[in-house]
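Q: Could you have a look at this structure, given as structure tokens, before my questions?
The values are calculated or read from the model by the stated rules, or taken from the named source; none is laboratory data. This structure is a prediction, so every number in the text was calculated from the model and none was measured. Note: ideal-geometry Cβ built from the backbone for every residue, glycine included; neighbour counts use all protein chains shown. We work out accessible area using only protein heavy atoms, side chains counted, and drop any ligands, DNA or RNA first. Shrake-Rupley method; radii C 1.70, N 1.55, O 1.52, S 1.80 Å.
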Amino acid sequence: MNFHQLHIFYTVAERGSFSAAASALHMTQPAVTMQIQSLEEYFGTRLLIRSTKKIELTEAGITLLPYAAKSIALVKETDNAMASHTHMLQDRLQLGSSLTIGEYFLPRLLGPFGQQYPHISIMMKVMNTTQIIEEITKHQLNFGLIEATIHHPDMVIDPVMQDELKLIVPIGHPLAERESVDLEEVLAYPFVLREKGSGTRQVMESVLIHKGIDPQSLQTAMELGSTGAVKSAVEAGFGITMLSPASVKHETALNLVTIIPIRDAEFKRQFYAIHLKSTLLPLSAVTFLNFLKQQQEQQGE
């Protein structure tokens, strides 16, 4: 018996078929079958009842299942415990990242990470959440970083970083000289917004709804498909917006826009890492995610 066999057994039991488990594990169906047979030979009893419709667990399989789950959890826990002590990992991480995270958060963290773990190379694709999920399920990415929580039966969703949207206005705007404003004042002005479905837009609208405000009541001057386009429109005076301060550091330094706190509303959001439940992340990926969490903790101190 080995851990790999227990992992395969657990995945077959969870997915309900050899073919579904093979797809999740990126293995051939005969290879999955062979490993289950080897496990059954080791214990000297059948673990699964094979039928044309669905796999069912025998009494022995039902007994084994929670131990297989514990072994998987223990391996993950071990990787987490050892990640900060492992400095000579050699691996190539393939990850997907949503726009705000990939363009404005990760670049400033990849340098320090590369200095600490020079043998881990990272290949990052910046794409939307739907594309990230699709590539993870096809085993083309190890994991993804997204801006809003999702509900997906095959995914592990792990919080890694936090952010807060702030009111961004162009220099010369009536609110630009204010130290802070109330939300009701802000709603009197035209907005430049990200497109519907973006993580930034979802966070903003959810806070408005919580405050009893219909997002449809906003004066929407423009809806644009990227943070860069939104910033350019705000700079040109087409409206105000809600963005992460990390995304406008360059513009605030050049005195093109300014950040105004809203006194009676907080637009906080959580960033998440996602990966397949059936796939154990490589130690290098665990190390990278732990690094992100440590950076967040240090910023909060």
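Q: In the chain, what is the count of Lys pairs whose alpha carbons are under 18 Å apart, counting only pairs at least 8 residues apart or on separate chains?
A: 13
Q: Ok, one more. Taking the simple approach of a point 7 Å from Cα along Cα-to-Cβ for both Ser17 and His151, what is their distance in nm?
A: Result for the modelled spin labels: 2.5 nm.
Q: Report in % the part of the accessible area of segment 158-301 that belongs to carbon and sulfur, leaving out ligands and nucleic acids; probe 1.4 Å.
A: Numbers: 3240 of 6670 Å².
Carbon with sulfur: 49 percent of the solvent-accessible area.
Q: Then there's this: Equivalent-ellipsoid semi-axes (√(5λ), Cα gyration tensor) for segment 196-291, whole Å, largest first?
A: Working: eigenvalues 185, 73, 37 Å².
Working from the Cα gyration tensor, I get semi-axes of 30, 19, 14 Å.
Q: With Rg and the Kirkwood Rh both taken from Cα atoms, where does Rg over Rh land for segment 116-260?
A: Ratio of gyration radius to Kirkwood radius: 1.02.
Q: May I ask for log10 I(q)/I(0) of segment 1-104 at q = 0.16, 0.22, 0.25 Å⁻¹, from a Debye sum over the Cα atoms as equal point scatterers with solvent left out?
A: -0.80, -1.14, -1.34
Q: Separate question: Go through 199-206, 26-33, 188-195 and give me the packing order, highest mean Cβ count within 10 Å leading.
A: Values: 199-206: 19.6, 26-33: 14.5, 188-195: 18.1.
Descending packing order for the listed peptides: 199-206, 188-195, 26-33.
Q: Still on this structure: Between beta-carbons, use under 12 Å as the cut-off and find the net charge around Glu185, counting Lys and Arg +1, Asp and Glu -1. Don't skip to the answer; put the middle values down first.
A: Details: positive: Arg178, Arg263; negative: Asp182, Glu184, Asp264.
Net of charged neighbours comes to -1.
Q: Which value, in debye to the nearest 20, describes the size of the charge dipole of the chain about its Cα centre when Lys and Arg Cβ atoms bear +1, Asp and Glu Cβ atoms bear -1, and nothing else is charged?
A: Working: 24 positive and 31 negative charges, 166 e Å.
Computed about the Cα centre, the dipole is about 800 debye.
Q: Taking just the alpha-carbon atoms of segment 106-164, what radius of gyration and Dmax come out, in angstrom?
A: In Å, with Rg to one decimal and Dmax whole: 13.1, 36.
Q: Could you tell me how far the Cα centroid of segment 99-177 sits from the Cα centroid of segment 19-55, in Å?
A: Measuring centre to centre over Cα atoms gives 37 Å.
Q: Something else about it: Evaluated at 37 °C with a viscosity of 0.692 mPa s, what Stokes-Einstein diffusion coefficient in µm²/s does segment 223-264 have when Rh comes from the Kirkwood expression over alpha-carbon pairs? Could the numbers behind the result be given before it?
A: Values: Rh = 10.8 Å.
Roughly 303 µm²/s, to the nearest whole number.
Q: Quick one: 3J(HN,Hα) in Hz for segment 123-136, Karplus 6.51/-1.76/1.60 with θ = phi - 60°, rounded, Gly and Pro as x.
A: With the stated coefficients, segment 123-136 comes to 10, 10, 10, 9, 7, 7, 4, 4, 5, 4, 4, 4, 6, 5 Hz.
Q: Translational D (Stokes-Einstein, µm²/s) of segment 143-198 at 25 °C and 0.890 mPa s when Rh comes from the Kirkwood sum over C-alpha pairs?
A: On the way: Rh = 15.0 Å.
Estimated via Stokes-Einstein, D reaches 163 µm²/s.
Q: Another question, if that's okay. Counting only C-alpha contacts under 8 Å and six or more residues apart, can you give the relative contact order of segment 198-301 as a whole percent? Working shown, then result.
A: Working: 34 pairs, mean separation 24.7, N = 104.
So the answer I get is 24 percent.
Q: Here's something else I'd like to know. Accessible area per residue, 1.4 Å probe, Å², for the chain: what's the number? If you can, show how the numbers build up before the last one.
A: Numbers: 15190 Å² over 301 residues.
In whole numbers, the chain has 50 Å² accessible per residue.
Q: Pull up all non-local amide H partners of Ser244: gap of 5 or more, or a different chain, and H-to-H distance under 5 Å with H placed in the peptide plane.
A: Amide H to amide H, under 5 Å and 5 or more residues apart or across chains, Ser244 pairs with Lys166.
Q: Right, next: Quick one: which of 267-277, 155-165 comes out on top by average Cβ neighbours within 10 Å, and what's the full order, highest first?
A: Values: 267-277: 19.6, 155-165: 16.6.
Descending packing order for the listed peptides: 267-277, 155-165.
Q: Could you give each residue of segment 253-263 its phi-based ³J(HN,Hα) in whole Hz, using Karplus coefficients 6.51, -1.76, 1.60 with θ = phi - 60°, and x for Gly or Pro?
A: With the stated coefficients, segment 253-263 comes to 5, 8, 6, 9, 9, 9, 9, 10, x, 9, 5 Hz.
Q: I need the Debye-formula profile for the chain: one equal scatterer per C-alpha, no solvent, reported as log10 I(q)/I(0) at q = 0.13 1/Å, two decimals.
A: With no solvent term, the Cα-only Debye profile gives -0.95.
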